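Q: Here it is, the structure, as structure tokens.
The values are calculated or read from the model by the stated rules, or taken from the named source; none is laboratory data. Computed from a predicted model, the values in this text were never measured in an experiment. Here the Cβ positions follow ideal geometry from the backbone for every residue, glycine too, while neighbour counts run over all protein chains shown. With ligands, DNA and RNA removed, areas are computed over all heavy atoms of the protein, side chains included. Shrake-Rupley method; radii C 1.70, N 1.55, O 1.52, S 1.80 Å.
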Amino acid sequence: KPSCFFSENRTKGFVLLGMYFNKEMDCAMKPWKLETKRALAYAENGYFEEAVSLLTQGIAYNPEVSKALVKVYARQGHYLQALELLSAVSKKELVQTEELNLFALLYLHSGNPDQAEELLQSSLKRNPQNPQTHSYLGNVYYQQGKLTHAIESYEMALYFQPNLPDILYNLASIYEQRGEYEQAYERFRTLLKRNPLDSEVCIQLGTLAG
């Protein structure tokens, strides 16, 4: 009887172990690229809990899932959580330009513009033609009140990727602050061509024209 008892429990153990490995295999084989897109769509529509829950399941199986979760945390305003997770990811693999820029953005929103600037300068050394890096650096300078440097960075971003609406708006606002109304007017007019129904830009143009 003792031997039968042992055999029965051993069989149950193998069944449970098999169930565990099957579950792990199901998770590992899941199409995480599609699941990640689905989670980001949840986040874009404000369903953050669902997005975090879905992405948390796949962290162990795909580093891209972790990066997506970083973006979800950032959208929620949980910048410290995002930084902590991104730091963990960067220890496991080579940090790419996109991750450096994301690090910088998180530092900027966490109240560390100097750290953000340092990372973005490093990112530019890797890829000096990346418009996102130039635009983020412009944001850092804008927040620090370094308007001349902000203009230079924004103009570089537009050089590599023309007509970025956020950059055009920031440039127009800076030029207006500096009293360079013709430059501001040109940037606002470009924005209006892209979106003729933008009432805020219409008001700004009317103010400058008057």
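Q: Can you tell me which residue among Leu94, Leu80 is in a loop (DSSP other than H, G, I, E, B), farther than 14 Å from Thr133 by Cα, modelled with pLDDT under 75 and open to solvent by 40 Å² or more (accessible area, probe 1.4 Å)? Spell out the reasoning first.
A: Values: Leu80 fails: in a loop (DSSP other than H, G, I, E, B).
Just one listed residue meets the conditions, Leu94.
Q: Shifting gears a bit: Can you tell me which residue within the range 186-201, out of those that are among the polar types (S, T, N, Q) and in a helix (DSSP H, G or I), is modelled with the highest pLDDT? Walk me through it before giving the result.
A: To start, the set of residues in the range 186-201 that are among the polar types (S, T, N, Q) comprises 190, 195, 199.
Retained after the next criterion (residues that are in a helix (DSSP H, G or I)): 190, 199.
Numbers: Thr190: 90, Ser199: 86.
Out of the qualifying residues, it is Thr190.
Q: Are there any pairs, at least 6 apart or on different chains, whose C-beta atoms fall under 7 Å, with the first in the range 122-135 and of a type in the set (Val, Ile, Thr) and the second open to solvent by less than 20 Å² (accessible area, probe 1.4 Å), and if so, which?
A: Thr133/Asn101; Thr133/Leu120; Thr133/Ser123
Q: Tell me yes or no: at least one residue of the range 144-157 is over 24 Å from the mean Cα position of the chain (by Cα), small (Gly, Ala, Ser) and either in a helix (DSSP H, G or I) or closer than 22 Å to Glu99 by Cα (or both).
A: Looking for residues that are over 24 Å from the mean Cα position of the chain (by Cα), small (Gly, Ala, Ser) and either in a helix (DSSP H, G or I) or closer than 22 Å to Glu99 by Cα (or both), one finds none in the range 144-157, hence no.
Q: Among the residues of the range 169-185, which ones are open to solvent by less than 80 Å² (accessible area, probe 1.4 Å) and assigned to a helix (DSSP H, G or I)? Before you say what the answer is, go through the steps one by one.
A: Residues of the range 169-185 that are open to solvent by less than 80 Å² (accessible area, probe 1.4 Å), as a first pass: 169-176, 179-180, 183-185.
Within the range 169-185, Tyr169, Asn170, Leu171, Ala172, Ser173, Ile174, Tyr175, Glu176, Gln183, Ala184, Tyr185 qualify.
Q: Still on this structure, I have one more. For the range 115-136, enumerate the residues that are among the acidic types (Asp, Glu) and modelled with pLDDT under 90. Walk me through how you get there before you give the answer.
A: Quick first cut of the range 115-136, residues among the acidic types (Asp, Glu) only: 117-118.
Within the range 115-136, Glu118 is the sole residue that qualifies.
Q: Within the range 64-74, track down each residue that is open to solvent by 40 Å² or more (accessible area, probe 1.4 Å) and either modelled with pLDDT under 75 or among the β-branched types (Val, Ile, Thr) (or both). Before you say what the answer is, go through the steps one by one.
A: Narrowing the range 64-74 to residues open to solvent by 40 Å² or more (accessible area, probe 1.4 Å): 64, 71.
Glu64, the sole residue that qualifies.
Q: Still on this structure, I have one more. Would you check which residues across the range 158-186 are among the charged types (D, E, K, R) and more than 13 Å from Gly138 (Cβ to Cβ) and list them?
A: Keep residues of the range 158-186 that are among the charged types (D, E, K, R), which gives 166, 176, 178, 180, 182, 186.
Within the range 158-186, Glu176, Arg178, Glu180, Glu182, Glu186 meet the criteria.
Q: Taking the condition closer than 27 Å to Leu192 by Cβ and open to solvent by 60 Å² or more (accessible area, probe 1.4 Å), does Gln115 pass? Don't jump to the end; show me each part of the working.
A: Details: closer than 27 Å to Leu192 by Cβ: no; open to solvent by 60 Å² or more (accessible area, probe 1.4 Å): yes.
No; evaluated as a whole, the condition is false for this residue.
Q: Let me ask something else. Scan the range 124-161 residue by residue and report those that are exposed (fewer than 15 other Cβ atoms within 10 Å of the Cβ) and basic (Lys, Arg).
A: Passing the criteria: Lys125, Arg126.
Q: Within the range 24-63, work out how many residues are at pLDDT 75 or above, farther than 23 Å from Glu98 by Cβ and open to solvent by less than 60 Å² (accessible area, probe 1.4 Å).
A: 1
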